[in-house]
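Below is one structure; the comments refer to it alone.
The values are calculated or read from the model by the stated rules, or taken from the named source; none is laboratory data. Bear in mind that the values here come from a model prediction, so they are computed numbers and not experimental data. Heads up, the Cβs are rebuilt from the backbone with ideal geometry, glycines too, and the neighbour counts pull from every protein chain shown.
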Amino acid sequence: MAVLSSDAVVLRTWPVHEADLIVSFFTRDYGKVRGVAKAALKSRKRFGGALEPMTVARAWFVERPRQELARLDQLEILSSPLSLPVDAARMTALSFYAELLDEALPEHDPQETAYRLLVSVLESTTTTQPWMPATYFALWMTRLMGLLPDIAHCTVCGESLVANEITFGSYSDGLFCGVHRGNNASALTEDSWRLAQRMLKAPVGSFASETWPRRRGQDLRRFAIQAIERHLERRLRSAEALARLAYP
């Protein structure tokens, strides 16, 4: 059995037996993989602190025939969000990235665009207010999952959307004009609508110098997360925690 190697981001870990860990990690070359890290809770030689969620590492692992789990042999840290001070809001944003990817990505399906998106928002999350990268990540994951509607036109009638008249629903996909506003509709502000248009055309780093209080893009995050949760048919606990944070 050949040993495979790829850059990867650790998503989640679960203890199994006395000292082993099951690790879900998202690789650049092979997609999402689940593997067993033997004796990870006893020996720090092979893994060190590389098993912390959202750690970017070089992974060595073996895919075993007729085995659901790979054998994770080694992780070599490339970067870690814990190398800098991380507050509750940033930790919650990191948990949001991990939970969304672990729930949404199929096994063994290489998705380099999603991998590059994750690495770029990780860097921004540790250096800026977390609301901007979290909004960027949610919007782009909606697009990469094929869930983002045409944000320039009403889903029902196809007419061009007009700022301050745009709405979205909790139980339906798309954006709607004032005429086709549903009973349970929420407004998408002009700032958030313009922001979405910009984010779909520019890298996350280009927004780092802007002021990002918690309220900015809040409705855009809710719109994107609701679309993802409808697709997954479950609520994301980390997204709920992110929405509840009392943070400037």
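Quick look at the values:
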{"quantity": "Count - residues of region 218-248 that are part of a loop (DSSP other than H, G, I, E, B) and farther than 22 Å from ALA88 by Cβ", "calculated": "2"}
{"quantity": "Residue in region 59-74 that is touching a Leu at 6+ places or on another chain (Cβ under 7 Å), in a loop (DSSP other than H, G, I, E, B) and surrounded by 14 or more Cβ atoms within 10 Å (Cβ to Cβ) present", "calculated": "yes"}
{"quantity": "PHE168 in contact (Cβ under 8 Å) with a residue 40 or more places away in the chain, over 20 Å from PHE96 (Cα atoms) and aromatic (Phe, Trp, Tyr)", "calculated": "yes"}
{"quantity": "Which listed residue, of LEU122, LEU117, LEU94, LEU100, is closer than 24 Å to GLU68 by Cβ and under 10 Å from the mean Cα position of the chain (by Cα)", "calculated": "LEU100"}
{"quantity": "Out of GLU103, GLU165, sole residue that is in contact with a Cys (Cβ under 9 Å, 6 or more places away or on another chain) and either in the same structural domain as ALA202 (by TED's automatic domain parsing) or in a loop (DSSP other than H, G, I, E, B) (or both)", "calculated": "GLU165"}
{"quantity": "Some residue of region 40-56 being assigned to a loop (DSSP other than H, G, I, E, B), β-branched (Val, Ile, Thr) and at pLDDT 90 or above", "calculated": "yes"}
{"quantity": "Complete set of residues in region 15-33 that are surrounded by fewer than 18 Cβ atoms within 10 Å (Cβ to Cβ) and aliphatic (A, V, I, L, M)", "calculated": "VAL16, ALA19, ILE22"}
{"quantity": "Where PHE61 falls short, out of the listed (1) more than 27 Å from GLY35 (Cα to Cα); (2) in the same structural domain as LEU11 (by TED's automatic domain parsing)", "calculated": "(1)"}
{"quantity": "Scan of region 83-99 for residues that are among the hydrophobic types (A, V, I, L, M, F, W, C) and surrounded by fewer than 16 Cβ atoms within 10 Å (Cβ to Cβ), ordered by number", "calculated": "LEU84, ALA88"}
